[in-house]
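Visitor: Once you've had a glance at the structure underneath, I'll fire off some questions.
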């Protein structure tokens, strides 16, 4: 998977091509660790996201589902890109934020103390 930071998993930074450093690339892939994940995961992805291609998100989703250790949900946004939550279609932005808030409330809410 492609990170969203200044560090990239590419031949220059990895000091070799995937076919030369296969085990290192595999070790650093989030998909390789999906079987260990026990945190509820929500994946919100635009179909036109070229920074984090939807195929990579689908692969991670499938691996998390197969592991069965935590709830996982995948939502795709037709025509959405990497910045769909900020600059996408208004209907996508509203739905994106509603789903995100619902997810956080469901899995991250703490008891209210009164």
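The values are calculated or read from the model by the stated rules, or taken from the named source; none is laboratory data. Remember, it's a predicted structure, so these values are computed and weren't measured experimentally. Positions of Cβ are backbone-derived with ideal geometry, glycine not excepted, and every protein chain shown enters the neighbour counts.
Visitor: Report yes if some residue within region 59-68 is more than 15 Å from the chain's Cα centre (by Cα), at pLDDT 95 or above and surrounded by 14 or more Cβ atoms within 10 Å (Cβ to Cβ); otherwise report no.
Guide: Yes: region 59-68 contains one or more residues that are more than 15 Å from the chain's Cα centre (by Cα), at pLDDT 95 or above and surrounded by 14 or more Cβ atoms within 10 Å (Cβ to Cβ).
Visitor: Of all residues in region 14-53 being in a helix (DSSP H, G or I), surrounded by 15 or more Cβ atoms within 10 Å (Cβ to Cβ) and over 16 Å from the mean Cα position of the chain (by Cα), which is modelled with the highest pLDDT?
Guide: This residue is 25.
Visitor: Would you check which residues across region 79-91 are free of Cβ contacts under 8 Å to residues at least 40 places away in the same chain and more than 16 Å from the chain's Cα centre (by Cα) and list them?
Guide: If the condition is that a residue be free of Cβ contacts under 8 Å to residues at least 40 places away in the same chain and more than 16 Å from the chain's Cα centre (by Cα), then 79, 86, 87, 89, 90, 91 are the ones that fit.
Visitor: Inside region 61-78, can you point out the residues that are touching a residue at least 24 places away in the same chain (Cβ under 8 Å) and touching a strand residue (DSSP E or B) at 6+ places or on another chain (Cβ under 7 Å)?
Guide: The answer is 64, 70, 72, 73, 74, 75, 76, 77.
Visitor: Search region 79-95 for residues being in contact with a strand residue (DSSP E or B) (Cβ under 6 Å, 6 or more places away or on another chain) and assigned to a helix (DSSP H, G or I), and hand back the single one that is modelled with the lowest pLDDT.
Guide: Among those residues, the one meeting the criterion is 84.
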